[in-house]
Amino acid sequence: MSVLQLTAENFEQEVLQSDKSVLVDFWAAWCGPCKMIAPVVEELAGEMEAELKVAKLNVDEYGDIPARYGIMSIPTLILFKGGEEAERLVGYKTKEELLAAVQKSV
């Protein structure tokens, strides 16, 4: 499964109304750590597709959504469960760190 690209139009349906947990990567094209974590996020999407939806939201294109969640720095990854924030990770994380955070909340 590939990583879902979020927009203002599909955020509510794909994240808040999802029947499975959703890991959202808030990122921007100019962000170095965002580029570093992107392959890790892609791997996670492939390995956990049965229990987890993985999505990305460009903060430069859809600034109102990150503002709603108080995101001050990127990358920020938020795990949503039942439409609510269950876990938040800020900055570059290794695959092991991401996996541990996701597995305790999924």
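The values are calculated or read from the model by the stated rules, or taken from the named source; none is laboratory data. Being a predicted model, the structure only gives us computed values, none of them experimental. Positions of Cβ are generated from backbone atoms using ideal geometry, with glycine treated the same way; all protein chains shown enter the neighbour counts.
Residues that are surrounded by 11 or more Cβ atoms within 10 Å (Cβ to Cβ) and either without any contact (Cβ under 8 Å) to a residue 12 or more places away in the chain or under 19 Å from LYS35 (Cβ atoms) (or both) within the range 83-106 comprise LEU89, VAL90, GLY91, TYR92, LYS93, LYS95, GLU97, LEU98, ALA100, GLN103, listed in sequence order.
If I go through the range 9-21 residue by residue, how many of them are in contact with an Asp or Glu (Cβ under 7 Å, 6 or more places away or on another chain) and of a type in the set (A, V, I, L, M)? Number satisfying all stated conditions: 0. Suppose we filter the range 55-82 for residues that are farther than 18 Å from GLU14 by Cα and surrounded by fewer than 18 Cβ atoms within 10 Å (Cβ to Cβ); how many remain? Residues in the range 55-82 being farther than 18 Å from GLU14 by Cα and surrounded by fewer than 18 Cβ atoms within 10 Å (Cβ to Cβ): 5 in total. Can you spot a residue in the range 34-41 that is in contact (Cβ under 8 Å) with a residue 12 or more places away in the chain and of a type outside the set (A, V, I, L, M, F, W, C)? Looking through the range 34-41, none of the residues is in contact (Cβ under 8 Å) with a residue 12 or more places away in the chain and of a type outside the set (A, V, I, L, M, F, W, C). One residue stands out among those in the range 25-49 that are aromatic (Phe, Trp, Tyr) and crowded, with 21+ Cβ neighbours inside 10 Å: the one that is farthest from ARG88 (Cα to Cα), which is TRP27. Would you confirm, using the coordinates I've provided, whether LEU52 is touching a Leu at 6+ places or on another chain (Cβ under 9 Å), surrounded by 16 or more Cβ atoms within 10 Å (Cβ to Cβ), more than 17 Å from GLY91 (Cα to Cα) and touching a residue at least 40 places away in the same chain (Cβ under 8 Å)? Taking the combined requirement at face value, the residue satisfies it.
Let's see how each residue does on (1) of a type in the set (A, V, I, L, M); (2) modelled with pLDDT of 95 or more; (3) in contact with a Cys (Cβ under 9 Å, 6 or more places away or on another chain):
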| site | (1), (2), (3) |
| --- | --- |
| SER2 | no, no, no |
| PHE26 | no, yes, yes |
| PRO33 | no, yes, no |
| LEU52 | yes, no, no |
| PRO75 | no, yes, yes |
| LEU79 | yes, yes, no |
| GLY91 | no, yes, no |
| LYS95 | no, no, no |
| VAL106 | yes, no, no |
